[in-house]
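First up is the structure itself, then whatever we jot down about it.
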Amino acid sequence: MIGGSNLPNAQGYYGEFGGRFVPETIIPALDELLHAYEEAMADPAFHAELAHLQQTYVGRPTPLTYAKRLSDHLGGARIYLKREDLAHTGAHKINNALGQALLAKRMGKRRVIAETGAGQHGVASATASALLGLECHVYMGSVDMARQRPNVFRMKLMGAEVLAVDSGSKTLKDAINEAMRDWVTNVRTTFYLLGSALGPHPYPMIVRDFQSVIGVEARRQILEATGQLPDVCLACVGGGSNAIGLFHAFRDDESVELIGVEAGGLGTHTDKHAARFANMDISRPGILHGTRSFIMQDEDGQIRETHSISAGLDYPSIGPEHAYLRASERAYYTSATDEEALAAFRTLSELEGIIPALESAHAIAEVIKRAPTMSKDSILLVNLSGRGDKDLDTVIRVLGDKL
Amino acid sequence: MSRVSGLAALEAMFERSKAEGRAAFLPYFPIGYPDYETSLAVIQAMAEVGVDGFEIGVPFSDPLADGPMIQMATQKALENGTTVRKCLQAVRELRRCGLDQPMLMMSYANPLLAYGAERFVADAQAAGADGVIVPDLPPEEAHYFARACQQAQMCQVFMLAPTSDEQRIRLVAERATGFIYVVSLTGVTGARAELPADLTDFIGRIRQHTQTPLVLGFGISQPHHARQMNGLVEGFIVGSAVVRAAGQGVDAVRDLAHSLRTALVNS
């Protein structure tokens, strides 16, 4: 069942984080969206249609895989992988895209716009739009288009228009700016299909709710497989949608430790990373893209350019609910560097025959550090949020002749 | 004699333009474009041809309500090292040079909150500014500035858009001080050839709920637009067109401001 949390509050806040910091033009559209969402949530037909598509189109439930060779190799916790890489389009992004596209259709909006970083949300939006007969425009930074070419082609194949964004750092942050500018212009006819658990209320809530299927399934599956709850749930965090989707079902299981892994880039001692919680000299609470959360910024409040080898984690802010989970000490956040993620990318490929997305490889990197410190009867559940095929260009460039 | 400031300065400005039977003209210009000194010269040139007030732009790296022209200008300003502090210094210098029109500081929430909302209002007032406009702070989220502005008798301007319903109009009317910034169209800032056809209806919907002066912005760039403002609203804002002219030099800005200003009296 989707929903069922007491957060956010009526103003869209998770503690001191969240809210609706957008131009007036958009506020009525956010009200309209919230209203439509609440109506849909109260309508069994909506749930039935979404569940049917999840099963027959996305391929849910995705499996839970025991990573035996990785567990043996690390010599500690038993490691289970929640296989979102096996969802249609190869990542968890489809869960939210399909939910929101159904909502768009229900609201009578024939045109959807989306932003994308790694391209996975763009692909998921293009896919859901093709399935439901919606017109789809995807904003993507030109730097990201260069490093995720296969995904650009996928979107175009499915009939979406991919719009290159050349402003600012030419990555996800700028794609969101441009999508917001489109929305403010075409707000009456267009549905903004936002891809991560961020943006103005109600987006962080809607994205979390549509992604919460990950944790709901994983919790049931791990109980079936092992008869117990995991000791640790672990996921990578860019905006934070796959992590919040996993964490949400475990939020009341006090014995379960929740760990998010941010992009450590070239190291959190440098300024070339995207770990919003790592260094309070360059990251503080602030406002970006409609929500109050932790933001990488300079002392004058200008947004910093971030760096990560993975386009999907290369973003200066983080979903407001993560800021809240950290502040309330319900979840703990750490980071993995580009190098550690690349090593994890190879390790999982070699030991399990699973090529992870570079984003997900950050979570695996933390597994590699943490599992050996845990006892052999403990359980570590990690969200394998996507598959790595889209990253082969990047990895070939870095590892190339070392393979 | 000391200048009336804050809310009183805006009230005096609207009284004057009303007495002259015209709308007030409040250009927007960002500090630091194309460089600090030139931005001050541009503002002074506009003051000399008799514009009524100013929106002083404080650049932000991610201006999501702005179109390409203002994005370009504020990006350039940031590359020139323009900071919030520098923008306050600009206001102080302009006052010292005798500029006496009202000035409202306009920026996005993050740079102002990074500076500190209360500290910003206090320092802006000390520098000689009369109010703040923050497009990504709707009334529900504007509590950061509300008390400080109220205590300092500074204007806190809110926006209304064509999408705003009655409930939003009432909320903004209740909270806005100085004037209400009426966004003429659904979209980002930037010059348009023609203004929307349904402006009169939209303005009429707002007038049903408030006596607060209405200042129209977004898309206005030409003398025939300015003439349309008389009798429709109490004031109007021109931003992107001024920035575009500044790309050709201070004289181009003076000419544009002069043509818009004279259009108001020869209509």
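The values are calculated or read from the model by the stated rules, or taken from the named source; none is laboratory data. If you're wondering where the values come from, they're calculated on a predicted model, not measured in any experiment. Reconstructed Cβ throughout: ideal geometry from the backbone, glycine too, with neighbour counts over all protein chains shown. Keep in mind that these areas ignore ligands, DNA and RNA; they rest on the heavy atoms of the full protein, side chains included. Shrake-Rupley method; radii C 1.70, N 1.55, O 1.52, S 1.80 Å.
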Residue selected from the range A:275-329 under the condition free of Cβ contacts under 8 Å to residues at least 12 places away in the same chain and open to solvent by 20 Å² or more (accessible area, probe 1.4 Å), by the criterion farthest from the other protein chains (Cβ to nearest Cβ): A:GLU329
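Would you check which residues across the range A:251-274 are acidic (Asp, Glu) and buried (at least 24 other Cβ atoms within 10 Å of the Cβ) and list them? Step through it out loud before you land on a result.
The initial filter retains those residues of the range A:251-274 that are acidic (Asp, Glu), namely A:252-254, A:257, A:262, A:271.
If the condition is that a residue be acidic (Asp, Glu) and buried (at least 24 other Cβ atoms within 10 Å of the Cβ), then A:GLU262 is the only one that fits.
Tell me, which residue of the range B:163-177 that is under 19 Å from the mean Cα position of the chain (by Cα) and assigned to a helix (DSSP H, G or I) is nearest to the other protein chains (Cβ to nearest Cβ)? Can you show your working first?
Residues of the range B:163-177 under 19 Å from the mean Cα position of the chain (by Cα): B:172-173, B:175-177.
So of that shortlist, the ones also assigned to a helix (DSSP H, G or I) come out as B:172-173, B:175.
Working: B:VAL172: 7, B:ALA173: 13, B:ARG175: 12 Å.
Going through the qualifying residues, I end up with B:VAL172.
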I'd like the full set of residues that are modelled with pLDDT under 95 and among the hydrophobic types (A, V, I, L, M, F, W, C), limited to the range A:100-151. A:ALA118, A:VAL143, A:MET145, A:ALA146
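Matching residues to (1) buried (at least 19 other Cβ atoms within 10 Å of the Cβ); (2) of a type outside the set (Asp, Glu); (3) more than 9 Å from every other protein chain (Cβ to nearest Cβ):
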site	(1), (2), (3)
B:PHE29	yes, yes, yes
B:GLU37	no, no, yes
B:GLU55	yes, no, yes
B:ASP62	yes, no, no
B:GLN101	yes, yes, yes
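Surrounded by fewer than 16 Cβ atoms within 10 Å (Cβ to Cβ) and more than 16 Å from the chain's Cα centre (by Cα): is that true of B:VAL49 in this structure? Don't jump to the end; show me each part of the working.
Numbers: surrounded by fewer than 16 Cβ atoms within 10 Å (Cβ to Cβ): no; more than 16 Å from the chain's Cα centre (by Cα): yes.
So B:VAL49 does not fit the description; no.
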Return the residues of the range A:38-58 that are open to solvent by 40 Å² or more (accessible area, probe 1.4 Å) and either touching a Pro at 6+ places or on another chain (Cβ under 8 Å) or over 17 Å from A:ARG106 (Cα atoms) (or both); say none if nothing qualifies. A:GLN55, A:THR56, A:TYR57
With the requirement that a residue be more than 14 Å from chain B (Cβ to nearest Cβ) and over 24 Å from the mean Cα position of the chain (by Cα), what does the range A:20-47 give you? A:GLU39, A:ALA42, A:ASP43, A:PRO44, A:ALA45
Odd one out for A:ALA87 among (1) within 14 Å of chain B (Cβ to nearest Cβ); (2) open to solvent by less than 10 Å² (accessible area, probe 1.4 Å); (3) under 24 Å from the mean Cα position of the chain (by Cα): (1)
Which numbered condition in (1) in the same structural domain as A:VAL162 (by TED's automatic domain parsing); (2) farther than 30 Å from B:ALA109 by Cα; (3) within 20 Å of the chain's Cα centre (by Cα) is the only one that A:ALA51 fails? (3)
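Please go through the range A:330-343 and pick out each residue that is of a type in the set (Asp, Glu) and open to solvent by 30 Å² or more (accessible area, probe 1.4 Å).
Here is the first cut: in the range A:330-343, the ones of a type in the set (Asp, Glu) are A:338-340.
Hits for the range A:330-343 are A:GLU339, A:GLU340.
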If we ask which residues in the range A:1-15 are open to solvent by 50 Å² or more (accessible area, probe 1.4 Å) and either in contact with a helix residue (DSSP H, G or I) (Cβ under 6 Å, 6 or more places away or on another chain) or within 12 Å of chain B (Cβ to nearest Cβ) (or both), their number turns out to be 2
Are any residues in the range B:80-94 open to solvent by 20 Å² or more (accessible area, probe 1.4 Å) and within 11 Å of another protein chain (Cβ to nearest Cβ), and if so, which ones? B:GLY81, B:THR83, B:ARG85, B:LYS86
Do you know which residues across the range A:344-359 are in contact with a Lys or Arg (Cβ under 8 Å, 6 or more places away or on another chain), surrounded by 24 or more Cβ atoms within 10 Å (Cβ to Cβ) and not in a loop (DSSP other than H, G, I, E, B)? A:PRO356
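Taking the criterion of being of a type in the set (Gly, Ala, Ser), without any contact (Cβ under 8 Å) to a residue 60 or more places away in the chain, buried (at least 16 other Cβ atoms within 10 Å of the Cβ) and under 24 Å from A:MET374 (Cα atoms), would at least one residue in the range A:238-250 satisfy it? Walk me through it before giving the result.
Step one: of the range A:238-250, the residues of a type in the set (Gly, Ala, Ser) are A:238-241, A:243, A:245, A:249.
Now narrow it down to the ones that are without any contact (Cβ under 8 Å) to a residue 60 or more places away in the chain: A:249.
Those still in the list that are buried (at least 16 other Cβ atoms within 10 Å of the Cβ) too: A:249.
Then keep just the ones that are under 24 Å from A:MET374 (Cα atoms); that gives A:249.
The answer is yes, given that some residue of the range A:238-250 is of a type in the set (Gly, Ala, Ser), without any contact (Cβ under 8 Å) to a residue 60 or more places away in the chain, buried (at least 16 other Cβ atoms within 10 Å of the Cβ) and under 24 Å from A:MET374 (Cα atoms).
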What number of residues within the range B:115-154 satisfy the criterion of being in contact (Cβ under 8 Å) with a residue 60 or more places away in the chain, surrounded by 24 or more Cβ atoms within 10 Å (Cβ to Cβ), of a type outside the set (A, V, I, L, M) and away from chain A (no Cβ under 11 Å)? 2
Note down all Cβ pairs under 7 Å where the first residue falls in the range B:73-84 and is under 15 Å from B:LEU40 (Cβ atoms) and in a helix (DSSP H, G or I), the second is of a type outside the set (Val, Ile, Thr) and open to solvent by less than 10 Å² (accessible area, probe 1.4 Å), and they're at least six residues apart or on different chains. B:ALA73/B:PRO30; B:ALA77/B:PRO30; B:ALA77/B:GLY32; B:ALA77/B:PRO59
